[in-house]
1. Residue under question is VAL42, and the condition is that it be surrounded by fewer than 17 Cβ atoms within 10 Å (Cβ to Cβ) and touching a His at 6+ places or on another chain (Cβ under 8 Å); does it hold?
2. Inside region 62-91, can you point out the residues that are more than 21 Å from the chain's Cα centre (by Cα) and β-branched (Val, Ile, Thr)?
3. Can you find a residue that is free of Cβ contacts under 8 Å to residues at least 24 places away in the same chain, in a helix (DSSP H, G or I) and surrounded by 14 or more Cβ atoms within 10 Å (Cβ to Cβ) anywhere in region 152-166?
4. Quick one: would you say ALA189 is in contact (Cβ under 8 Å) with a residue 60 or more places away in the chain and outside any loop (DSSP other than H, G, I, E, B)?
5. Do the conditions hold for LEU116, that is, is it crowded, with 20+ Cβ neighbours inside 10 Å and touching a residue at least 12 places away in the same chain (Cβ under 8 Å)?
6. Out of region 22-48, which residues are in a helix (DSSP H, G or I), more than 17 Å from THR93 (Cβ to Cβ) and more than 13 Å from the chain's Cα centre (by Cα)?
7. I'm trying to understand the selection: among the residues of region 1-11, which are in a helix (DSSP H, G or I) and more than 22 Å from THR71 (Cβ to Cβ)?
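The values are calculated or read from the model by the stated rules, or taken from the named source; none is laboratory data. Note that the structure is a prediction, hence the values are computed from the model and not measured. Here Cβ is always computed from backbone atoms with ideal geometry, including for glycine, and neighbour counts include all displayed protein chains.
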Amino acid sequence: MPRLLQLERNKNLFLLLTILIHNLMYPLSTGAGLQPVLFYTVFSFQFVAGVYMLTTQQASRLIILVSGIGTFISGVINAYTPDTLALPALYLTVIVYVSTMLVVLVNYIFAARRVLVEVILAATSLYLVIGFLYTPIYGLIELLEPGSFTVSSGAEVTWQQLFYFSYTTLTTLGYGDTTPVTFYAQAFAAFEAITGVLYTVILLSRLVGLYEVERVDITIHSD
């Protein structure tokens, strides 16, 4: 049993580390040479590996594999030939790709019966994945309705700026340097902020519930 638990912890630690590495590598997506290829290789691999490690459901595995391949292809094409149909394809495939990882993590966390390290790691990854998910949604909104977001510096709204905006919104930090100005942009930004606040409440409730169940089981067996 300890070996199985260690394996689960290693799986979740690997997923969390790849997400953190991806966040730090984000500038490579608009870099020169082979930098975008490196970036999208890591991005397209991390959630495919995560889903295959955390679930045996064939439907989830198939969806993440297909959407991961689509993310890599559309991402690389968009990196070298911007302002083409590859951009909306990238947004759509990433939404499916990240949503699949999100669903698998939610199922994994709420299927747990004890508060263990792997559950904490999975919950941390889930929080970061939520920030991922809103980025392509904002990008799609900006693509369909240009001017939905403005940057105080006057710079063009890019994927990387929306990525940054998503996490500052999720954490309710809100520096104010990137601002949603249209109805749909504001609506989704408000919903993400609410998600960030409720996530902490729901997660803590879940972990406390698991702890109470574990404590009761220990008490019953000790008696």
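1. yes
2. ILE77, THR81, THR84
3. Among the residues of region 152-166, at least one is free of Cβ contacts under 8 Å to residues at least 24 places away in the same chain, in a helix (DSSP H, G or I) and surrounded by 14 or more Cβ atoms within 10 Å (Cβ to Cβ), which makes the answer yes.
4. no
5. No.
6. LEU24, MET25, TYR26, PRO27, LEU28, THR30, GLN35, LEU38
7. Scanning region 1-11 gives PRO2, ARG3, LEU4, LEU5, GLN6, LEU7, GLU8, ARG9, ASN10.
Rundown of residues vs (1) touching a strand residue (DSSP E or B) at 6+ places or on another chain (Cβ under 9 Å); (2) within 23 Å of PHE163 (Cα to Cα); (3) modelled with pLDDT under 95, yes/no style:
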| site | (1), (2), (3) |
| --- | --- |
| GLN46 | no, yes, yes |
| VAL51 | no, yes, no |
| THR56 | no, no, yes |
| ILE64 | no, yes, no |
| GLY75 | no, yes, yes |
| TYR80 | no, yes, yes |
| THR84 | no, yes, yes |
